[in-house]
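Report on the following structure.
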């Protein structure tokens with residue numbers, strides 16, 4: 001119906017309905033955010049039988065698999081075989097975790113090729129050795145920027161994944177702040193919630209201070225209780241998951257949630273299954 005022909009009553013009715021329609025659209029957008037598994041969580045199973053492990057991950061209901069550093073040892077044929085398995089199972093690879101040297105000239109092309117075969121969107125630097133001063137962290141940022149420029153023509157982006165060291169002040173500044181301030185905004189800041197909490201930092205505040213850059217989150221919990229630490233399942237630690245989800249989905253730019261577990265009282269596969277169930281119950 002042309003807007004010129006709308007009666008006042010019709011216009012008011014449509015106006016009243018609009019917020020609810022937009023709310024429904026937003027809910028659909030949030031529910032479409034995939035949840036995956038960082039495969040370090042099932043590292044021992046993966047070594048024993050990669051195909052069976054990936055099948056088990058898919059059968060649990062995970063939508064995404066994030067491969068970690070050992071994937072680099074594959075040749076192109078192995079990567080293609082894994083991509084076929086992912087496609088057959090309906091799994092996506094949104095990102096990979098990489099050692100620092102994979103971004104250097106001698107290794108970046110092979111890493112790029114494997115990521116393109118897998119259908120990955122982000123090559124994430126998984127860690128960096130602790131550095132003694134902020135200038136050394138600035139060099140890490142410079143290397144990330146250089147890698148991003150190298151990979152951009154092929155449609156790949158770069159990310160950085162924090163551990164505890166990046167939250168501890170050096171010379172009055174946190175390395176994560178150095179990295180955020182000195183990297184291109186296209187570089188994803190992949191938040192590891194557990195290590196952020198263990199270092200005494202606030203994951204919600206971090207998300208809000210870096211809008212649009214927290215496109216992936218490692219959903220790992222942490223407990224200060226003796227003997228627990230990272231060994232707790234999702235939801236058993238001190239993480240404010242509701243606050244984290246809200247910040248990620250309103251300002252963070254979240255594209256994918258990833259369960260990560262360093263080990264628990266259960267087997268790797270059972271841990272991954274339980275964490276996914278707890279994630280879904282919390283995120284619902």
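The values are calculated or read from the model by the stated rules, or taken from the named source; none is laboratory data. Nothing here was measured: the structure is a model prediction, and the numbers come from that model. No Cβ is skipped: glycine too gets one built from the backbone with ideal geometry, and neighbour counts run over all protein chains shown.
For the stretch 31-49, the set of residues classified as surrounded by 15 or more Cβ atoms within 10 Å (Cβ to Cβ) and touching a residue at least 60 places away in the same chain (Cβ under 8 Å) consists of 33, 35, 36, 37, 38, 40, 41, 42, 43, 45, listed by residue number.
Being in a helix (DSSP H, G or I), in contact with a strand residue (DSSP E or B) (Cβ under 8 Å, 6 or more places away or on another chain), in contact (Cβ under 8 Å) with a residue 40 or more places away in the chain and farther than 30 Å from residue 181 by Cβ, is that true of even one residue in the stretch 239-246? Checked against the condition, which is being in a helix (DSSP H, G or I), in contact with a strand residue (DSSP E or B) (Cβ under 8 Å, 6 or more places away or on another chain), in contact (Cβ under 8 Å) with a residue 40 or more places away in the chain and farther than 30 Å from residue 181 by Cβ, the stretch 239-246 yields no hits at all. Specify the residue that is farthest from the chain's Cα centre (by Cα); the eligible residues are those in the stretch 113-128 that are surrounded by fewer than 18 Cβ atoms within 10 Å (Cβ to Cβ) and assigned to a helix (DSSP H, G or I). It comes out as 113.
Only one of the numbered conditions (1) in a helix (DSSP H, G or I); (2) under 21 Å from residue 255 (Cβ atoms) is violated by residue 150, and that is (2).
Residues are listed down the side, and each one gets a yes or a no for (1) assigned to a helix (DSSP H, G or I); (2) surrounded by fewer than 15 Cβ atoms within 10 Å (Cβ to Cβ):
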| residue | (1), (2) |
| --- | --- |
| 51 | yes, yes |
| 57 | yes, no |
| 77 | yes, yes |
| 87 | yes, yes |
| 102 | yes, no |
| 105 | no, yes |
| 111 | yes, no |
| 130 | no, yes |
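Residues that are assigned to a helix (DSSP H, G or I) and under 21 Å from residue 68 (Cα atoms) within the stretch 247-284 comprise 268, 269, 270, 271, 272, 273, 275, 276, listed in sequence order.
Scanning the stretch 234-268 for residues that are surrounded by fewer than 18 Cβ atoms within 10 Å (Cβ to Cβ) and farther than 18 Å from residue 33 by Cα yields 235, 236, 238, 240, 262, 263, 265, 266, 267.
For the stretch 109-130, the tally of residues that are touching a strand residue (DSSP E or B) at 6+ places or on another chain (Cβ under 7 Å) and at pLDDT below 95 stands at 0. Taking the listed residues 284, 277, 205, the one that is under 30 Å from residue 152 (Cα atoms), free of Cβ contacts under 8 Å to residues at least 12 places away in the same chain and over 16 Å from the mean Cα position of the chain (by Cα) is 205, with no other qualifying.
Is it the case that the stretch 247-262 has a residue that's closer than 29 Å to residue 47 by Cβ and over 18 Å from the mean Cα position of the chain (by Cα)? Scanning the stretch 247-262, I find no residue that is closer than 29 Å to residue 47 by Cβ and over 18 Å from the mean Cα position of the chain (by Cα), so the answer is no.
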